[in-house]
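Asker: The structure is given below, and queries will be raised subsequently.
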Amino acid sequence: MIKWFVEDAPIRTKMMIVVGTTVAITTIAGLGGLYEIHQITKALAAAKIEGATEITESAKFIMTSGMIAATVVSLAMGLWFRSAISDPYVATVVRMEALAKGDVTTKIDRSAHKDCVGRMARAMEVFRQNAIDKIALEQDTVQNTERARVLKLETMKNLADGFESSISHV
């Protein structure tokens, strides 16, 4: 399971596991607090202390509200963090795959980032520029080869015409 998480799981899945774990821990902690309040309520009720029920009910309400708020906030923050971390990586990988397939026309985003995504984007830009230069060299080679072929044919024709002209004077 750990190997799958480290080596195989997509980053978005990893981040969802982190978010889910954080929310679960927050919820479990809140439920633990509620359980403790419930135990205190039972002890106070058994001791027949006046006003204990109202105090413990108020404590349960505050604890439940706090637990729900903490769970919602941790879920919202977790989803935001997941998006902020995962989306740039995923988009960069998708762009990298397109570059590997020969797409040199689409802009490479996020090169201004100062994190690993930015480093990858700047490296991809070097690969992209090298691919563009290679394509240009290949096109120049084809054009030069064609020019050389045409020049050779013209030279051969001129030599043949010159030879024919010199023979016709004889």
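Asker: Per residue, how many Å² of accessible area does region 1-156 show with a 1.4 Å probe? Don't skip to the end; give the middle numbers.
Answerer: On the way: 11120 Å² over 156 residues.
Normalised by residue count, the accessible surface of region 1-156 is 71 Å².
Asker: Here is a follow-up. Tilt of helix 116-168 relative to the longest C-alpha principal axis of the chain, in degrees (0 to 90, nearest 10)?
Answerer: For helix 116-168, the angle is close to 10 degrees.
Asker: Then there is this: Once the Cα atoms of region 2-96 are picked out, what are the Rg and Dmax in Å?
Answerer: Over region 2-96's Cα set, Rg and Dmax evaluate to 20.4, 70 Å.
Asker: From the helices alone, meaning DSSP H stretches of at least four residues, give me the mean residue ellipticity at 222 nm for the chain, per-run term -39500 (n - 2.57), in deg cm²/dmol to the nearest 500. Write down the numbers at each step before the final one.
Answerer: Working: 3 runs with 139 residues, N = 170.
The per-residue figure over the chain is -30500 deg cm²/dmol.
Asker: Report the Stokes-Einstein translational diffusion coefficient (µm² s⁻¹, integer) for the chain, Rh taken as the Kirkwood radius over Cα pairs, at 10 °C with viscosity 1.306 mPa s. Mind dumping the intermediate values first?
Answerer: Details: Rh = 23.4 Å.
Here the translational diffusion coefficient equals 68 µm²/s.
Asker: Round to a whole angstrom and tell me the spacing of the C-alpha centers of region 75-104 and region 1-59.
Answerer: That distance is 33 Å.
Asker: Cross-link partners among aspartates and glutamates for K48, C-alpha distance below 19 Å, same-chain residues fewer than 8 apart left out?
Answerer: Cα-Cα hits under 19 Å: E36, E57.
Asker: Give me the dipole magnitude in Debye, nearest 20, for the chain about the Cα centre, with unit charges on the beta carbon: positive for Lys and Arg, negative for Asp and Glu.
Answerer: Details: 20 positive and 19 negative charges, 54 e Å.
Roughly 260 debye for the chain.
Asker: For helix 11-47, report the angle its Cα long axis makes with the longest principal axis of the Cα atoms of the chain; keep it between 0 and 90° and round to the nearest 10°.
Answerer: For 11-47 against the chain, the angle is about 0 degrees.
The values are calculated or read from the model by the stated rules, or taken from the named source; none is laboratory data. This is a predicted model, so every value here is computed, not measured. Positions of Cβ are backbone-derived with ideal geometry, glycine not excepted, and every protein chain shown enters the neighbour counts. Please note that ligands, DNA and RNA were not included when accessible areas were found on the heavy atoms of the full protein model with its side chains. Shrake-Rupley method; radii C 1.70, N 1.55, O 1.52, S 1.80 Å.
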